[in-house]
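Trainee: This structure is in structure tokens; I'll ask about it shortly.
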Amino acid sequence: MVNNRWSSPDQRSEDDRVPASGHSASLRRLYVIGGAGSGKTVLAVYLSELLGIRHVELDLGGFAEVENLAKDEGPWVVEGAFVYGIEPLLQSAERIVWLDLSPRVALRRILWRHVRLSLAGRNRHRGLRNLVRFMAAQSGYYGAPARMATGPTDWAAISRAATAQLLEPVSDKVVRITSPRQLRAWRACVQAGPGSFPDW
């Protein structure tokens with residue numbers, strides 16, 4: 001069951017206050033998690049370039065590095081949707097950014113990404129049928145109850161409820177972003193440095 005303080009992003013206002021964050025210079029190990037279309041890769045690349053640290057995308061084969069990364073003092077920014085076997089990384093991370101955006105926002109981004117990559121000839125999942133199937137599957141992410149994943153490729157186990165459950169033990173390190181406006185504000189705070197972080 002999803003904790004009440006992590007209620008559905010559809011129930012949150014676009015004017016939510018900005019989650020607090022440490023000064024960018026002090027961040028050496030960051031983990032970015034969220035569903036499809038939440039903007040994990042875009043944010044991870046941004047943080048990697050801003051802070052000058054290594055970027056690892058678990059969804060593209062980086063999962064094999066989980067144990068080594070967890071032992072590595074960094075710096076690194078790791079991103080992925082996995083809910084299996086990533087507890088060591090969550091424990092090692094100094095900050096965890098949960099991109100918990102609404103289905104409306106995520107589906108719009110998925111559609112735009114598919115069109116953009118198709119036009120550029122770089123879409124690994126070409127075709128309208130693949131797009132429709134993938135977008136339809138997102139209802140499972142937002143609506144399915146949490147369950148134990150059987151392995152890293154148990155994609156059906158990846159859900160919002162499972163993510164919330166996974167993050168509960170490390171909630172003191174979680175920055176939860178629920179809207180694009182909030183994400184822009186948080187990024188600006190990270191870039192600005194100390195003295196610019198409002199309380200959550």
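Please treat every number below as a calculation from the coordinates, not as lab data. Everything numeric in this text was worked out from a predicted model, so none of it was measured. With ideal geometry, Cβ positions are generated from the backbone for all residues, glycine too; neighbour counts draw on all protein chains shown.
Trainee: Give me the distance in nm between label points sitting 7 Å out from Cα along the Cα-to-Cβ direction at R147 and F134, one decimal.
Mentor: 2.4 nm
Trainee: While we're on this one: Pairs of Cα atoms under 8 Å, at least six residues apart: use those to get the relative contact order of segment 16-192, whole percent.
Mentor: Computed value for segment 16-192: 31 percent relative contact order.
Trainee: Now, a different point. Along each principal axis of its Cα atoms, how long is segment 49-104 end to end? Whole angstroms, biggest number first, please.
Mentor: Over segment 49-104, Cα extents along the principal axes are 37, 28, 21 Å.
Trainee: In µm²/s, what is D for segment 16-192 at 20 °C and 1.002 mPa s, where D = kT/(6 pi eta Rh) by Stokes-Einstein and Rh is the Kirkwood radius from Cα pairs?
Mentor: Translational diffusion coefficient: 128 µm²/s.
Trainee: Considering only the other residues whose Cβ falls under 9 Å of the Cβ of A93, what net charge follows from Lys and Arg at +1 and Asp and Glu at -1? Before the final figure, lay out the partial values.
Mentor: Working: positive: R29, R95, K173; negative: E94.
With Lys, Arg at +1 and Asp, Glu at -1, the neighbours total +2.
Trainee: Among V32, V175, rank each residue by its count of other Cβ atoms within 10 Å, from fewest to most, as a rough exposure measure.
Mentor: Values: V32 30, V175 20.
Arranged by neighbour count, lowest to highest, V32, V175 become V175, V32.
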